[in-house]
Amino acid sequence: MEDKITLSVIKADVGGFVGHSAMHEELLDEAKARLGDAQKEEILVDFHVTACGDDLELIMTHHKGVDNNNIHQLTWEIFESCTEIARQLKLYGAGQDLLSDAFSGNVKGMGPGVAEMELKEREAEPVIIFMADKTSAGAWNLPLYKMFADPFNTAGLIIAPSLHAGFHFEVHDVKEQKRIFFNAPDELYDLLVFIGAMGRYMIKAVYSKNGNIAAVTSTQRLALIAGKYVGKDDPVGIVRCQGDFPAVGEVLEPFTMPHIVEGFMRGSHYGPLMPVSVNQATPSRFDGPPRVIALGFQLANGRLIGPRDMFDDPGFDESRRMCNILADQMRRHGPFEPHRLPMEEMEYTTLPQVMKKLQDRWEKLPE
Ligand code: F6R
Ligand code: MG
Ligand code: MG
């Protein structure tokens, strides 16, 4: 439908510069040129290309709806041509997230992360796109809970008539491929039973009580798709703001508490999620600490007016400082839990290969 616009955020790590720390300019240029062509051909209304750490982030608007073959094909081809450049420059991990050679119509389940929503633009439509590096798909559970269900974070849940009814949460079980819906605030305790376990249960979307989409996330878990460790998922998410939704400041506020997420070095450690500007989204210390960036746009008939780099604000300086203090404290644990992930999560890293070599050395305890 022409009066609806689709916002698609599709990302992949197709090669890092240097190591896994950042993105090379030539890959960004290639993606911009390709999306520019697609805009001229009127496949896209608008686009913005950026990077979070070693992840190439394609932000696009169009009229084709979510899960559209043309859009997914376009992004897959861009990731392939960027992989080719990454190979020429011998960047690190070229093509890392493209888990298949054959494109099948939808990039879901093939490596790239995807968050898409179709919406009817309001008179003014502020959206924030969150993108993270060196962390896992469950990283949005806590901030989304705070934005849409915690009155200590979102004053509007109490004060604003438009938010007072609460929100509707769609939660996915990514291991069993099932989903469940909860109403907040009436079913908050039921919701928290699941979303506190971020490795398995993920908030896929949030809706207002009248059914309007409020937020959507990527829930792709690379290790579950590939059956082995291939780097962390590095998720993305889209949140609508103001009016019937939390205000921009309420949407950003959860990131002042640096929460602890999976990821960091070798995708095998817990560390604090640091809110940073795009320029500072280059995790170098112990391949971390994990980063999150937030780009704000006003949509204008599909045009992406912006971005504003929302964490480029001294208001987040203390959160960043706290992240460094927390990272120091976690790092002092070295290979010990709870810095290193618990054994059941290490199953999806490279550690089992090392353990296999030692398995025959175990003896029964004497009676
Ligand atoms: C984390 C990540 C990096 C790598 C690490 C080792 O998501 O991608 O921390 O796991 O740099 O990389 P390799 O094994 O490729 O040398
Ligand atoms: Mg990488
Ligand atoms: Mg990455």
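A few comments on the model shown:
- Loop-located trypsin sites (Lys or Arg not before Pro) in region 299-367 (DSSP state other than H, G, I, E, B) with a sparse environment of at most 16 neighbouring Cβ atoms within 10 Å: 332, 364.
- For residue 32, the aspartates and glutamates whose Cα falls under 19 Å of its own Cα, not counting residues fewer than eight places away in the same chain, are 13, 41, 42, 46, 54, 55, 57, 77, 80, 84, 309.
- Distance-filtered residues of region 144-172 - backbone nitrogen under 16 Å, label point 7 angstrom along residue 193 Cα→Cβ: 169-172
- Region 1-76: relative contact order in percent, alpha carbon pairs under 8 Å with at least 6 residues between: 41
- Distance (nanometres) between label positions extended 7 Å along Cα→Cβ at residue 284 and residue 357: 3.1
- For region 56-103 and region 254-280, distance of Cα centres in Å: 25
- Estimated inter-spin distance, residue 4 and residue 106, nm [label 7 Å along Cα→Cβ]: 1.6
- Mean Cβ neighbour count within 10 Å, used as a protection proxy, ranking 232-245, 128-141, 158-171 highest first: 128-141, 232-245, 158-171
- Over the chain: helical MRE at 222 nm, DSSP H runs n ≥ 4 each giving -39500 (n - 2.57), nearest 500: -7500 deg cm²/dmol
- Spacing of the two label points (7 Å from each Cα toward its C-beta) at residue 257 and residue 200, in nm: 2.4
- Of all accessible heavy-atom area on the chain, the percent that carbon and sulfur account for (1.4 Å): 52
- Whole-Hz ³J(HN,Hα) from phi, Karplus 6.51 cos²θ - 1.76 cosθ + 1.60, for region 83-97, glycine and proline x: 4, 4, 5, 4, 5, 4, 7, 6, 5, 7, x, 4, x, 3, 8
- Here residue 146 is the anchor, and the lysines within straight C-alpha reach of less than 18 Å, apart from those fewer than 8 places off in the same chain, are 204, 209.
- Here residue 40 is the anchor, and no aspartates and glutamates lie within straight C-alpha reach of less than 14 Å, apart from those fewer than 8 places off in the same chain.
- The stretch between residue 70 and residue 228, if pulled fully straight at 0.36 nm per residue, gains 53.9 nm over its current Cα-Cα span.
- The residues of region 1-142 have, on average, 38 Å² of accessible surface per residue, using a 1.4 Å probe with all protein chains present.
The values are calculated or read from the model by the stated rules, or taken from the named source; none is laboratory data. Here the structure is a predicted model, which is why all the values come from computation and not from measurement. Note that each Cβ is placed from the backbone with ideal geometry, even for glycine, and that neighbours are counted across all protein chains shown. Accessible surface areas use protein heavy atoms only, side chains included; no ligands, DNA or RNA. Shrake-Rupley method; radii C 1.70, N 1.55, O 1.52, S 1.80 Å.
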